[in-house]
Amino acid sequence: MKKFVLTLIVGCLFIGGIHSQKKLPDVTIKTLSGETISSKDFFNNGKPIIISFWATWCKPCLNELSSFNDEFEDWYEETGLKIIAISVDDTRASARVKSLVSGKDWPFEVYLDQNQNLKRALNVVNVPHTFVLNGNGEIVWEHTSYNPGNEEEVIEQVRRLMK
Amino acid sequence: MNKVYTYLILLSLCISNSVYSQNKGTLTGSFESNNQIYKNDSKIGARAPKDKFGSNNYLKLDYTYGNFRAGIQYEAYLPPLLGYDFNLEDNGIVHRFVTYEDNDLAITVGNFYEQFGSGLLFRAWEDRQLGLNNALEGVNIKFKPTNYISLKAVYGKQRKYFDTGDGRIRGIDGEINVLDALKASSNSTFLLGVGYLNRYQDYTGPLEDYPSSVDAWSARMDFSTGRSAFQFEYVRKGEDGNASTPQIVSEGEALLANYSYTQKGLGFNFSFRRLENMIFRSEREAVNNELLVNYLPANTKQHKYSLANIYPYSTQAMGEIGGQIDFVYTFKKKTALGGKYGTNVALNYSHYNKLEGTLVDGIFYSDSDFLGLDGSKLYRDFNVEISKKWSKKLKSTFAFINLEYNKSELEGGNKGMVKSKIYVADILYKLKKGKALRTELQYLNTDQDMGDWIAGALEYNIGSKWSFFVSDMYNSGVSDTHYINVGGSYVKNATRFSVSYGRQKEGLLCVGGVCRMVPAASGLTISLSKSF
């Protein structure tokens with residue numbers, strides 16, 4: 001019976017093909033002051049958005065965000081982009097997220113995805129995981145993990161949208 | 001019944017997927033596979049299972065069409081990796097749901113995750129690394145009668161491996177945004193919330209007045225204005241039973257309070273938590289991480305470096321009191337201490353004591369004042385971390401961690417208080433053409449337990465796709481053992497493939513302060529993950 005189910009799933013995937021263009025789902029997340037907002041309301045006036053999933057205990061995530069922070073002024077001037085950093089820290093660390101974000105003076109919009117509902121809805125397996133969205137809010141590129149220097153590839157994807 | 005339900009979802013997934021080009025539905029999903037081939041390694045006490053193989057696999061599919069969403073998760077443990085519960089040895093579709101959602105109403109039937117407030121009262125969640133999934137199977141309703149009130153209701157049984165537990169859970173939670181409700185236009189936020197939860201599990205034992213039905217409630221507040229923010233949550237839980245005692249466990253309570261102050265370049269946070277008799281499961285007999293109803297993470301900093309994670313604090317749900325202070329500051333660019341790029345300093349201090357009282361047959365009898373700190377010390381952590389970018393090519397992080405870990409209380413045995421100092425240097429150097437080198441050096445110094453440890457890692461990255469590492473953890477104090485690992489990974493967009501070979505130390509693996517014991521293991525690990 002189980003084999004049958006598996007075959008059915010795999011079969012389905014092949015017949016239908018996999019639709020790759022993800023849109024942002026409607027998932028409730030929290031601002032750093034505890035208010036709720038929906039992920040479908042992410043907005044940057046028709047300009048691109050970078051979304052990065054991260055956690056306070058994740059070293060490569062912090063490396064990625066600090067490299068975004070280093071480049072932000074230049075990137076913003078060039079493309080008008082917005083960076084949204086979504087912390088998947090649970091309530092253990094969500095209070096620490098706030099002190100970390102202010103202390104590091106990050107120029108990002110930061111939200112809390114405490115029970116990982118948005119992470120699941122976007123099928124993120126591990127952090128860091130980065131999305132690039134075009135001006136219409138469609139996901140045009142995604143990448144998992146961070147190697148030093150990756151930020152160049154991310155901004156290259158954003159630049160492509162500007163053409 | 002479950003099977004019929006599964007097939008219906010599958011069928012609808014399949015049909016909608018194959019006709020997808022004519023409509024606006026989308027199918028997304030993810031796949032994760034972690035495999036290990038084990039070998040015996042007497043030096044570290046690693047014993048390969050008979051099969052010499054472990055494999056955990058997860059396939060998740062979600063289909064969205066208009067206001068509807070449906071999904072499944074297939075899991076296969078063939079057999080489970082070492083350290084995961086042997087009850088997981090099975091495969092099948094364990095998670096399935098259908099959701100209808102519009103602007104102010106969402107109804108989910110099937111399996112779902114949910115959380116009330118900070119989770120102190122209720123949290124249904126998944127963590128694959130911990131082998132933990134306590135999703136509810138039942139009904140979840142979320143309703144927003146106005147834009148400043150949100151209500152949630154849950155009903156169902158919790159997942160237990162490939163089955164559900166015996167106990168039934170029902171709960172409601174409400175939150176109001178007070179300033180929005182009063183139409184006060186200000187920069188402040190004031191939220192009030194209350195939650196109620198009941199668990200029912202039949203009791204057929206001999207004790208009179210034994211509680212088969214357990215009530216718990218919570219009240220919480222969230223207030224932020226200008227640079228300051230306060231958070232406060234209180235939970236009370238009725239008499240209950242648990243696996244470690246046949247007696248009735250007294251009422252439990254939990255208090256969590258937070259204050260934070262933030263401004264540009266500075267963040268400060270103080271938090272306090274007290275727990276008493278707060279083990280809460282949907283089945284009294286459950287053990288380990290099974291069927292947890294509430295979420296009680298360790299209220300301490302979760303460290304990023306391996307040696308700092310040898311002594312991780314785990315929450316003492318039956319009785320603990322303590323707090324944490326966190327301070328993060330950036331010295332601005334172009335100042336004496338900031339240099340060209342700025343310098344970031346993070347300080348963190350946490351301290352936890354046992355509640356004073358006695359634990360008899362698994363029941364805690366408190367005999368301290370509510371805020372009494374006379375119980376023995378369980379854990380103390382003071383740590384500093386300084387990160388600095390020196391040039392376009394060079395970045396460094398230095399950390400110092402001073403830990404006191406009451407091993408006898410937290411793990412059992414007679415090692416007493418382990419006092420350790422940990423030093424970390426983490427240096428990143430970018431080479432030409434997208435290549436980068438990262439080195440990590442760590443030293444743990446202690447006179448107790450296993451004595452000193454030295455760890456080193458070297459990581460070499462080529463572009464965004466390739467990464468290689470070699471690492472060693474060496475116990476120079478007692479066992480004179482090396483834990484060497486080598487490996488590499490390949491990433492393309494949202495697909496990651498990795499291979500590594502080496503030894504894994506026995507110990508506690510903690511994610512978010514919930515821990516599981518990992519046995520010593522040696523062998524080859526192969527992992528693949530993909531989202532689509």
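Among the candidates A:Phe72, A:Phe53, the residue that is part of a strand (DSSP E or B) and either more than 24 Å from A:Val125 (Cβ to Cβ) or of a type outside the set (Gly, Ala, Ser) (or both) is uniquely A:Phe53. Taken together, A:Phe108, A:Phe53 contain a single residue that is closer than 26 Å to A:Arg159 by Cα, within 12 Å of chain B (Cβ to nearest Cβ), surrounded by 15 or more Cβ atoms within 10 Å (Cβ to Cβ) and modelled with pLDDT of 95 or more, which is A:Phe53.
Of note, B:Lys377 does not satisfy the criterion of being surrounded by fewer than 17 Cβ atoms within 10 Å (Cβ to Cβ), within 13 Å of chain A (Cβ to nearest Cβ) and in contact with a strand residue (DSSP E or B) (Cβ under 6 Å, 6 or more places away or on another chain). In the range B:168-200, what count of residues is obtained for those that are within 19 Å of B:Gly252 (Cα to Cα) and surrounded by 21 or more Cβ atoms within 10 Å (Cβ to Cβ)? Here the count works out to 5. With respect to B:Glu208, determine if the residue is assigned to a strand (DSSP E or B) and either among the acidic types (Asp, Glu) or more than 27 Å from the chain's Cα centre (by Cα) (or both). Spelling it out, it is not the case that B:Glu208 is assigned to a strand (DSSP E or B) and either among the acidic types (Asp, Glu) or more than 27 Å from the chain's Cα centre (by Cα) (or both).
Yes/no per residue for (1) part of a loop (DSSP other than H, G, I, E, B); (2) among the aliphatic types (A, V, I, L, M); (3) within 17 Å of the chain's Cα centre (by Cα); (4) crowded, with 23+ Cβ neighbours inside 10 Å:
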position	(1), (2), (3), (4)
B:Ala286	yes, yes, no, no
B:Tyr295	yes, no, yes, yes
B:Thr300	yes, no, yes, yes
B:Tyr313	yes, no, yes, yes
B:Gln316	yes, no, yes, yes
B:Gly322	no, no, no, yes
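Annotation: of all residues in the range B:259-274 being facing chain A (nearest Cβ under 8 Å) and in a strand (DSSP E or B), the one that is surrounded by the fewest Cβ atoms within 10 Å (Cβ to Cβ) is B:Gln263.
Is the range B:333-341 home to any residue that is assigned to a strand (DSSP E or B) and at pLDDT below 95? Scanning the range B:333-341, I find at least one residue that is assigned to a strand (DSSP E or B) and at pLDDT below 95, so the answer is yes.
Restricting attention to the range B:314-335, the residues that are within 11 Å of chain A (Cβ to nearest Cβ) and in contact with a helix residue (DSSP H, G or I) (Cβ under 9 Å, 6 or more places away or on another chain) add up to 6.
The residue pairs whose first member lies in the range A:85-96 and is in contact (Cβ under 8 Å) with a residue 12 or more places away in the chain and within 7 Å of chain B (Cβ to nearest Cβ), whose second member is among the hydroxyl-bearing types (Ser, Thr, Tyr) and surrounded by 24 or more Cβ atoms within 10 Å (Cβ to Cβ), and whose beta carbons are closer than 8 Å, counting only pairs six or more residues apart or on different chains, are A:Asp90/B:Tyr295; A:Thr91/B:Ser118; A:Thr91/B:Tyr295; A:Ala93/A:Ser87. In summary, B:Glu404 fulfils each of the numbered conditions (1) within 30 Å of B:Ala317 (Cβ to Cβ); (2) charged (D, E, K, R); (3) not in a strand (DSSP E or B) with the single exception of condition (3). Out of curiosity, is B:Ala184 in a loop (DSSP other than H, G, I, E, B), over 18 Å from the mean Cα position of the chain (by Cα) and assigned by TED's automatic domain parsing to the domain that holds B:Ala243? Considered against the rule, which asks whether it is in a loop (DSSP other than H, G, I, E, B), over 18 Å from the mean Cα position of the chain (by Cα) and assigned by TED's automatic domain parsing to the domain that holds B:Ala243, B:Ala184 comes out as yes. Entry remark, the range B:299-322: residues being free of Cβ contacts under 8 Å to residues at least 60 places away in the same chain and either over 24 Å from B:Ile386 (Cβ atoms) or touching a Pro at 6+ places or on another chain (Cβ under 6 Å) (or both) number 6 in total. Determine if the range B:204-211 includes at least one residue that is in the same structural domain as B:Gln263 (by TED's automatic domain parsing), touching a Ser or Thr at 6+ places or on another chain (Cβ under 9 Å) and either surrounded by 15 or more Cβ atoms within 10 Å (Cβ to Cβ) or under 28 Å from B:Pro145 (Cβ atoms) (or both). Taking every residue of the range B:204-211 in turn, none turns out to be in the same structural domain as B:Gln263 (by TED's automatic domain parsing), touching a Ser or Thr at 6+ places or on another chain (Cβ under 9 Å) and either surrounded by 15 or more Cβ atoms within 10 Å (Cβ to Cβ) or under 28 Å from B:Pro145 (Cβ atoms) (or both).
Determine if the range A:75-90 includes at least one residue that is of a type in the set (D, E, K, R) and crowded, with 22+ Cβ neighbours inside 10 Å. Yes: the range A:75-90 contains one or more residues that are of a type in the set (D, E, K, R) and crowded, with 22+ Cβ neighbours inside 10 Å. Checked against (1) surrounded by fewer than 21 Cβ atoms within 10 Å (Cβ to Cβ); (2) touching a residue at least 12 places away in the same chain (Cβ under 8 Å), B:Asp326 passes all but a single condition, namely (1). Scan the range A:47-62 and give yes if some residue there is among the small types (Gly, Ala, Ser) and over 27 Å from B:Thr108 (Cα atoms), otherwise no. Yes, the range A:47-62 contains a residue that is among the small types (Gly, Ala, Ser) and over 27 Å from B:Thr108 (Cα atoms). Within the range A:123-142, if we keep just the residues that are more than 10 Å from chain B (Cβ to nearest Cβ) and over 16 Å from A:Ile83 (Cβ atoms), the residue that is surrounded by the most Cβ atoms within 10 Å (Cβ to Cβ) turns out to be A:Glu138.
Against the list (1) touching a helix residue (DSSP H, G or I) at 6+ places or on another chain (Cβ under 9 Å); (2) at pLDDT 95 or above, the condition B:Ser186 fails is (2). A:Val158 meets the stated requirement of being assigned to a helix (DSSP H, G or I) and more than 30 Å from B:His95 (Cβ to Cβ). Would you check which residues across the range B:429-440 are of a type in the set (A, V, I, L, M, F, W, C) and buried (at least 16 other Cβ atoms within 10 Å of the Cβ) and list them? Within the range B:429-440, just B:Ala436 meets the criteria.
The values are calculated or read from the model by the stated rules, or taken from the named source; none is laboratory data. In this text the structure is predicted, and so the values were computed from the model without any measurement. Reconstructed Cβ throughout: ideal geometry from the backbone, glycine too, with neighbour counts over all protein chains shown.
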